[in-house]
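These notes concern the structure reproduced below.
Only the coordinates and a few stated rules stand behind these numbers; no lab work does. Nothing here was measured: the structure is a model prediction, and the numbers come from that model. Neighbour counts are summed over all protein chains in view; Cβ atoms, including those assigned to glycine, are modelled from backbone coordinates with ideal geometry.
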Amino acid sequence: MADHQNSSVQEIVARIGKRAAGDQCISVGEIVAELGQRSQGPFLLVPGLIGMSPISGIPLVPALLALLIAVFSLQIIIGRSYLWLPDVLAKRTLDGDKVCAGLDRIDPVAARMDRWFGGRFERLSSGIAVRVAAFMCLLLSLFVPVFELVPFAGVAPMTAIAAFGLAILVSDGLLMLAALGLTAGTVIFLFQIISQV
C-alpha cells in the first residue's frame, strides 16, 4: 500500500478519483492503497463519505462499506499500526465512472471540511479516544443493514462514521465529541426503525 503523509480530505478524494478516472472498474484494494498508512482516520472517513454519496444507492455497496468499516475498526481497536484488508474484499470492484461521479459530488464537501476542521482539543482525538471512536464505528457498521430497510436511512450511521474518521485525520477533539452526538442520534433513529418493523 502507498504510504502517503497525512493528507487533506480533498487530496485523498483527488487521489482516489485519479486512480478511478478512465478505468472501467476500480477495486476496493486500489482505493485503500490511496489512503496510505500514516493515519487511521481515512480508513473510516472515506467509506463513510462514500456511504453518504449516491454511490451508496448501488445494490450491496452499503453492505460492502459496512464490512470494510468493521474490518478496519477491529484492527484499530486491537492497536494494529498497519491496517490489512482481506483479499476477498480487496478484489471487489466498483464501476469507475460511478466512483468518479460520486467523488465529484463529495469534493466541495471535502474542501469545506479542510477549511473548517482541525487542531481543536487534540487530546480528544488521539490515544485511547481513537480506539473508542473505532469501537463506535464498529457498532454503527453492524447496524447498517437495519438502516437499509428505510430508503437513504443508511446515511445516518455513515455520517457519524465519517465524522469520527475526519476527527482522527485532522486531530479535532471537538469534532470527535460531535461524532459521539451523531452516534447517539443514530442509535435513537435505529430504535425508531426497529419499532416500526
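Within segment 156-165, at least one residue is buried (at least 23 other Cβ atoms within 10 Å of the Cβ), over 17 Å from residue 53 (Cβ atoms) and out of contact with any strand residue (DSSP E or B) (no Cβ under 6 Å at 6 or more places or on another chain). Annotation: residue 121 fulfils all but one of (1) of a type in the set (A, V, I, L, M, F, W, C); (2) surrounded by fewer than 18 Cβ atoms within 10 Å (Cβ to Cβ); (3) over 24 Å from residue 10 (Cβ atoms); the unmet one is (3).
Of all residues in segment 34-60, how many are among the hydrophobic types (A, V, I, L, M, F, W, C) and surrounded by fewer than 20 Cβ atoms within 10 Å (Cβ to Cβ)?
2
Can you find even one residue in segment 94-116 that is out of contact with any helix residue (DSSP H, G or I) (no Cβ under 8 Å at 6 or more places or on another chain) and at positive phi? For segment 94-116, residues out of contact with any helix residue (DSSP H, G or I) (no Cβ under 8 Å at 6 or more places or on another chain) and at positive phi: absent. Being touching a residue at least 60 places away in the same chain (Cβ under 8 Å) and not β-branched (Val, Ile, Thr) holds for only one residue in 56, 81, and it is 56.
The condition (being free of Cβ contacts under 8 Å to residues at least 24 places away in the same chain and under 17 Å from the mean Cα position of the chain (by Cα)) is satisfied by just one residue among 134, 178, 156: 178.
No other residue among 95, 87 is within 22 Å of residue 64 (Cβ to Cβ) and surrounded by 15 or more Cβ atoms within 10 Å (Cβ to Cβ) apart from 95.
Looking at segment 98-113, which of the residues that are surrounded by 18 or more Cβ atoms within 10 Å (Cβ to Cβ) and touching a residue at least 60 places away in the same chain (Cβ under 8 Å) is farthest from the chain's Cα centre (by Cα)? Step through it out loud before you land on a result.
Quick first cut of segment 98-113, residues surrounded by 18 or more Cβ atoms within 10 Å (Cβ to Cβ) only: 98-100, 102-103, 106, 110, 113.
Filter once more, so that each one left must be touching a residue at least 60 places away in the same chain (Cβ under 8 Å): 99-100, 103, 106, 110, 113.
Values: 99: 14, 100: 17, 103: 13, 106: 12, 110: 13, 113: 14 Å.
By that ranking, first place goes to 100.
Filtered by the rule that a residue be more than 18 Å from residue 128 (Cβ to Cβ) and within 11 Å of the chain's Cα centre (by Cα), segment 68-90 gives 68, 69, 70.
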